[in-house]
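Q: My questions will all concern the structure given below.
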Amino acid sequence: MTRKLGHFHHRKLLVVEDQDKDIVKNKDNSTSGFRHCQFEAKEMAMGIQYLLTRMFMLCMSMVFSVDMASTSSSQNLQVQDQLKLLNKPAVRSIKSSDGDMIDCINITHQPAFDHPLLKNHTIQMTPSFRPESVSARKQGIGSSSSRTNSQLWHLNGRCPKGTIPIRRTRKGDLLRASSIKAFGKKKHRTFPQPKSADPDLISQNGHQHAIAYVEGDKYYGAKATINVWEPKIQQPGEFSLSQIWILGGSFGRDLNSIEAGWQVSPDLYGDNHTRLFTYWTSDAYGSTGCYNLLCSGFVQTNNEIAMGGSIFPVSSYHDSQYDISILVWKDPKDGNWWMKFGKDKVVGYWPSLLFSHLSGPASMIEWGGEVVNSESNGQHTSTQMGSGHFPKEGFGRAGYFKDIEVVDGSNNLRVPKGIATFTDQSNCYDVEIGKGAKWGTYFYFGGPGRSPTCP
């Protein structure tokens, strides 16, 4: 009996234990299910959050794309409007071997007449007077190897009479500029100021010079024969030029300047070719003026010379030398400032009404070279000035200006009195002046930029 009861109690105990196990098992299953639900809910929340984030990013991307498309569309419209303004309908177009397209534009349709002060302007086809030289000099130093040159596009054609040649502006030209408004304009105040109380102020704006100059009198023009090279440019934003400056006013916001010479400027032209250029400003490179015919102002009358066109050929080190002659003078009758290129090509004029101080005579004349020094990585640029060699190397190696003259109040070309020199850093770019029976007043100039002597 006892055994049966024991067996019964044992079975009852087993049943109770089994029930306890089932309760524990059910409890574990319930806990596991709850945790599983928590995990799934967390995953779902994370998925929703990810989905919301993706949707937000997609929406922002769409907004940004629309904004970019709107900006791009607006810029394209501005570019097209500017191209239409600059590129007048052509009578004939000539493709140059350097990639330029030269458009022959009706002389009365040129950009000059977009200027509000020139709307009813009557073109003066020839100057009333031309300066006369008071002395005739013999052949220059090394002149047997010094030759004149022309423009490369002439090899493929010429513009007919009644038209003027204009280098076509392309979309890429505008897009290289910092802005469409800034296209064709100098980015800094770039006039060398020889008598500055603090010469460092000149180099701090990134421009450096090696020049000869005169001041203290009334000047009605200037002339020089300029050796032509193709200096190396280190990086975008830099250029190298050789030119004449006709200056009036103070070196403040009222400065008037007329400039002409040759330059290498990849930013402006998209290549490293040496090009004829002009520039003008009546407010110290502020809102007025531009290079060549890239704004209204200069009135061109010549059908052979393209402003901004490549000069060909150029000089080679210790080999053939080439130069160009430039004369800028004030017509004593109407006051316009005329430019002559070479021996007999009168190119056109800057109307006197464009200027304040230069409506009369100039107060300073400068001749020489200029470069932009970006000082990349704290080092001086290796952009070359002139030939890229120092003046001491002389003819065939260093760049030069010769036959330097000024126009006086009697409309005569004369040797300048009291000519002086100025350079920002003579260990980078220098100038050495001379005088002789053959070259008249002359100087060698230039340099390599960064070198052992110019770190």
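The values are calculated or read from the model by the stated rules, or taken from the named source; none is laboratory data. All figures in this text were calculated on a predicted structure; none of them were measured in a lab. Don't worry about glycine lacking a Cβ; one is built from the backbone with ideal geometry, like all the others, and counts go over all protein chains shown. Please note that ligands, DNA and RNA were not included when accessible areas were found on the heavy atoms of the full protein model with its side chains. Shrake-Rupley method; radii C 1.70, N 1.55, O 1.52, S 1.80 Å.
Q: Kindly indicate which of GLY447, GLY418 is on the phi > 0 side of the Ramachandran plot, open to solvent by 50 Å² or more (accessible area, probe 1.4 Å), modelled with pLDDT of 95 or more and not polar (S, T, N, Q).
A: One residue alone meets the criteria, GLY418.
Q: So the check is Cβ under 8 Å with 6+ separation or different chains; which pairs have a first residue in segment 270-287 that's crowded, with 22+ Cβ neighbours inside 10 Å and modelled with pLDDT of 95 or more and a second one that's aromatic (Phe, Trp, Tyr) and assigned to a loop (DSSP other than H, G, I, E, B)?
A: Here the result reads THR274/TRP229; THR278/PHE298; TRP280/PHE298; SER282/PHE355, each pair linking segment 270-287 to a residue that is aromatic (Phe, Trp, Tyr) and assigned to a loop (DSSP other than H, G, I, E, B).
Q: I need the full set of residues from segment 201-225 which are open to solvent by 70 Å² or more (accessible area, probe 1.4 Å) and at pLDDT below 95, in order please.
A: Listed by number, the residues that qualify are LEU201, GLN204, GLY216.
Q: In segment 288-304, which residues are open to solvent by 10 Å² or more (accessible area, probe 1.4 Å) and either farther than 17 Å from ASP173 by Cβ or basic (Lys, Arg) (or both)?
A: THR288, SER296, THR301, ASN302, ASN303, GLU304
Q: What residue, among those in segment 107-120 that are more than 25 Å from the chain's Cα centre (by Cα) and surrounded by 14 or more Cβ atoms within 10 Å (Cβ to Cβ), is nearest to ASN303 (Cα to Cα)?
A: ILE107
Q: Tell me which of these GLN243 doesn't satisfy, since it passes every other one: (1) part of a loop (DSSP other than H, G, I, E, B); (2) at negative phi.
A: (1)
Q: Let me ask something additional. Could you tell me which numbered condition GLU375 fails, if it satisfies all but one of (1) open to solvent by 20 Å² or more (accessible area, probe 1.4 Å); (2) more than 24 Å from the chain's Cα centre (by Cα); (3) of a type in the set (D, E, K, R)?
A: That leaves (2) as the condition not met.
Q: Which condition from (1) farther than 18 Å from CYS290 by Cβ; (2) part of a loop (DSSP other than H, G, I, E, B); (3) not aliphatic (A, V, I, L, M) is the one that LYS88 breaks?
A: The single condition LYS88 does not satisfy is (1).
Q: Take ASP198 and decide whether it is modelled with pLDDT of 95 or more, farther than 26 Å from MET125 by Cα, open to solvent by 10 Å² or more (accessible area, probe 1.4 Å) and not aliphatic (A, V, I, L, M).
A: So ASP198 fails the test.
Q: Suppose we filter segment 305-334 for residues that are under 26 Å from the mean Cα position of the chain (by Cα), assigned to a loop (DSSP other than H, G, I, E, B) and buried (at least 17 other Cβ atoms within 10 Å of the Cβ); how many remain?
A: Looking only at that region, the number is 6.
Q: Filter segment 383-411 for residues that are in contact (Cβ under 8 Å) with a residue 60 or more places away in the chain and surrounded by fewer than 15 Cβ atoms within 10 Å (Cβ to Cβ) and give the result.
A: Result: GLY409, single match.
Q: May I pose another question? Just to be sure, is LYS232 basic (Lys, Arg), modelled with pLDDT of 95 or more and open to solvent by 10 Å² or more (accessible area, probe 1.4 Å)?
A: Spelling it out, LYS232 is indeed basic (Lys, Arg), modelled with pLDDT of 95 or more and open to solvent by 10 Å² or more (accessible area, probe 1.4 Å).
Q: In addition: Got a number for residues in segment 131-189 being of a type in the set (S, T, N, Q) and either modelled with pLDDT of 90 or more or more than 29 Å from ASN227 (Cα to Cα) (or both)?
A: 6
Q: Condition first: β-branched (Val, Ile, Thr) and either modelled with pLDDT under 95 or open to solvent by less than 30 Å² (accessible area, probe 1.4 Å) (or both). Now tell me which residues in segment 421-433 satisfy that.
A: VAL431
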